[in-house]
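Here is the structure we will look at.
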Ligand SMILES: Cc1cc2nc3c(=O)[nH]c(=O)nc-3n(C[C@H](O)[C@H](O)[C@H](O)COP(=O)(O)O)c2cc1C
């Protein structure tokens, strides 16, 4: 049986962002998890915000993005918290596609100040539900991520439980990804 494909989407596109650092660390953890092949999709590489949602044929510059999302069996959305919400880049990336999301599970990697991105994550849950995704209960959050997730001198992760938490989140995501992958094969989601 081939591995499930996990797309990890970096939601922050800001100059000098923290998002790429914590997301690549998360992706490294996910690579050591035997259940998934990992594809990291960086929204900074896409002209999403300017384009806005599409109806009808997708412009050519989004074809590769659509294919990578369509090939995935599960998603992790990495999100910072900006003014208690999630970035426009992430909303644009979600709105741009349709059936590529359908019938697949997702979770979140949140970070920010005191909330660890929880308020952004809670706002994303109804959005992914509208796109027929199954958001799982477990998520990874990093309160004060930019200021303390990595030790300033050694670069090591300061939370001793972080790796175990990622593994627990991915184990749950894998359960849903397997179940929904089988379900989509048995009955195409339409
Ligand atoms: C415009 C702006 C608004 C922010 N609002 C919040 C907030 O409401 N809650 C929070 O916990 N952190 C907030 N922060 C802190 C960010 O979540 C934190 O700086 C994070 O690193 C931003 O992600 P990025 O560096 O990947 O872009 C805000 C930061 C910015 C730039």
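From the list 154, 165, the lone residue that is away from the ligand (no atom under 16 Å from the Cβ), within 26 Å of residue 15 (Cα to Cα) and without any contact (Cβ under 8 Å) to a residue 60 or more places away in the chain is 154. Within the stretch 81-96, residues that are over 25 Å from residue 60 (Cβ atoms) sit with their Cβ atoms under 6 Å from residues that are outside any helix (DSSP H, G or I) and near the ligand (Cβ under 8 Å from one of its atoms), at 6+ positions apart or across chains, in these pairs: 81/112; 81/115; 81/117. With the requirement that a residue be more than 17 Å from residue 22 (Cβ to Cβ) and within 16 Å of the ligand (Cβ to nearest atom), what does the stretch 120-141 give you? Selection gives 122, 123.
Scanning the stretch 7-42 for residues that are within 12 Å of the ligand (Cβ to nearest atom), in contact (Cβ under 8 Å) with a residue 60 or more places away in the chain and either in a helix (DSSP H, G or I) or under 18 Å from residue 105 (Cβ atoms) (or both) gives 11, 19, 21, 22, 23. Any residue at all in the stretch 172-183 that is outside any loop (DSSP other than H, G, I, E, B), surrounded by 13 or more Cβ atoms within 10 Å (Cβ to Cβ) and touching a helix residue (DSSP H, G or I) at 6+ places or on another chain (Cβ under 6 Å)? No, the stretch 172-183 has no match at all. Tallying residues that are more than 15 Å from the chain's Cα centre (by Cα) and away from the ligand (no atom under 15 Å from the Cβ) within the stretch 67-95 yields 1. Mind listing just one residue for me: the one in the stretch 147-156 that is farther than 23 Å from residue 75 by Cβ and touching a strand residue (DSSP E or B) at 6+ places or on another chain (Cβ under 9 Å) and, of those, surrounded by the fewest Cβ atoms within 10 Å (Cβ to Cβ)? Step by step, filter the stretch 147-156, then rank; the result is 156.
In the stretch 98-119, of all residues being in a loop (DSSP other than H, G, I, E, B) and within 15 Å of residue 190 (Cα to Cα), the one that is nearest to the ligand (Cβ to nearest atom) corresponds to 101.
Read-outs: derived from the displayed coordinates by stated rules, not from any lab. What you see is a predicted model, and the numbers here were worked out from it, not measured in a lab. Note that each Cβ is placed from the backbone with ideal geometry, even for glycine, and that neighbours are counted across all protein chains shown.
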